[in-house]
Amino acid sequence: MEFKNILLSNENDIAICQINRPDVLNALNMQTMSEIVNALEISDKDENIHAIILTGNKKSFAAGADIKEMSNASSVEMLIRDQFAKWDKIRKIKKPLIAAVSGFVLGGGMELMMCCDIVIASETAKFGQPEINIGVMPGAGGTQRLTRAVGKIKAMELVLTGKIISANEALQLGLVNKIIPIEYYFEEAKEIAKEIASKPQIAVQLAKESILKSFDTTIENGLEFERKNFYLLFSTEDQKEGMNAFIEKRKPNWKGN
Ligand code: CAA
């Protein structure tokens, strides 16, 4: 598939999806979001791929939805375009998504980052939901995912003031896993992706699915869901291999099934 605004490449069992609109700080117009979703779906279906890195460039992961594309739209046009609906497909990606972010991580950029499962940030990363400063509010998950990630009072502060926070503040809030010097943040994301890619893949995907389930169900239903996924893993060869390897005091040899 031909892409205009992203670059998609594979390195062994890792896919790398790079947003590539540097002139506009990787603003996420509709074309770019379609391409990102397509790239993630292609990688998700590719059985040789075990983890996916989503990244931008050192200056900007993404400075938000494309303001110029939306500025003159009416509510009805926005409703008909329903441009954020396709973001829901990101929730269905089964493979682990690792965000490697640097520079501006704003508005839709931060919302995209929060769709990912692990976040590695460069020390220059700046985060925020500044939509209030242009007369709107987050529209691609910010009020929901940010609140679940950092709690009500911090989400209110970020969304209602539009303030920008540093990588350190984002780390303290639990929005990112690690802060790494700018020269190495992408390498670090690759290291984590490689580590996850080396694990038994069905267990990785069912564990991801179970964690995501906790966001939209009761504890009782979530525990039941988790338990069934746990039992399901006993039909995989990797469960037998993993447990036998432990008992036989050797390294497991994962088959991925
Ligand atoms: N949409 C469209 N274009 C954008 C953009 C955006 N979100 N962010 C930056 N750009 C463009 C600028 O218009 C500029 O283009 P020109 O050279 O053609 O003028 C170029 O990128 C460089 O930007 P600046 O000159 O502004 O760079 P700066 O270093 O002075 O400032 C910035 C950087 C603070 C990130 C500033 O660009 C900015 O505030 N951007 C907008 C951030 C924002 O409000 N994001 C939220 C968007 S709405 C949203 O995301 C809704 C949602 O929930 C999905």
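Exactly one residue among Glu188, Glu123, Glu169 is away from the ligand (no atom under 16 Å from the Cβ) and either closer than 18 Å to Pro96 by Cα or hydroxyl-bearing (Ser, Thr, Tyr) (or both), and that residue is Glu188.
For the range 151-162, filtered to residues that are within 26 Å of Met78 (Cα to Cα) and either touching a residue at least 24 places away in the same chain (Cβ under 8 Å) or not hydrophobic (A, V, I, L, M, F, W, C) (or both), the residue that is nearest to the ligand (Cβ to nearest atom) is Gly162. Taken as a whole, the structure leaves Ile153 outside the set of residues that are surrounded by 20 or more Cβ atoms within 10 Å (Cβ to Cβ) and either assigned to a strand (DSSP E or B) or out of contact with any Leu (no Cβ under 9 Å at 6 or more places or on another chain) (or both). Only one of the numbered conditions (1) under 30 Å from Ile134 (Cα atoms); (2) assigned by TED's automatic domain parsing to the domain that holds Thr143 is violated by Glu191, and that is (1).
Evaluated against (1) within 25 Å of Asp13 (Cα to Cα); (2) under 18 Å from the mean Cα position of the chain (by Cα); (3) surrounded by 13 or more Cβ atoms within 10 Å (Cβ to Cβ), Asn229 falls short on exactly one condition, (2). Summed over the range 126-150, residues that are within 12 Å of the ligand (Cβ to nearest atom) and part of a helix (DSSP H, G or I) total 10. Applying the criterion of at least 3 residues that are out of contact with any Pro (no Cβ under 9 Å at 6 or more places or on another chain) and surrounded by fewer than 21 Cβ atoms within 10 Å (Cβ to Cβ) to the strands (runs of 3 or more DSSP E) found wholly in the range 1-67 leaves 6-11. Exactly one residue out of Ser74, Ser102, Ser60 is more than 26 Å from Leu206 (Cβ to Cβ), among the hydroxyl-bearing types (Ser, Thr, Tyr) and in contact (Cβ under 8 Å) with a residue 60 or more places away in the chain, and it is Ser102.
Val105 passes every criterion in (1) surrounded by fewer than 24 Cβ atoms within 10 Å (Cβ to Cβ); (2) not in a helix (DSSP H, G or I); (3) not hydroxyl-bearing (Ser, Thr, Tyr) apart from (1). Taking the numbered list (1) within 30 Å of Thr124 (Cβ to Cβ); (2) in the same structural domain as Leu233 (by TED's automatic domain parsing) in turn, Gln205 passes all entries but (1).
The lone criterion from (1) surrounded by 16 or more Cβ atoms within 10 Å (Cβ to Cβ); (2) outside any helix (DSSP H, G or I); (3) among the charged types (D, E, K, R) left unmet by Asp238 is number (2).
The values are calculated or read from the model by the stated rules, or taken from the named source; none is laboratory data. Owing to the predicted nature of the structure, the values given are computational and were not obtained by experimental measurement. Please note: Cβ atoms are built from the backbone with ideal geometry, for glycine as well, and neighbour counts cover all protein chains shown.
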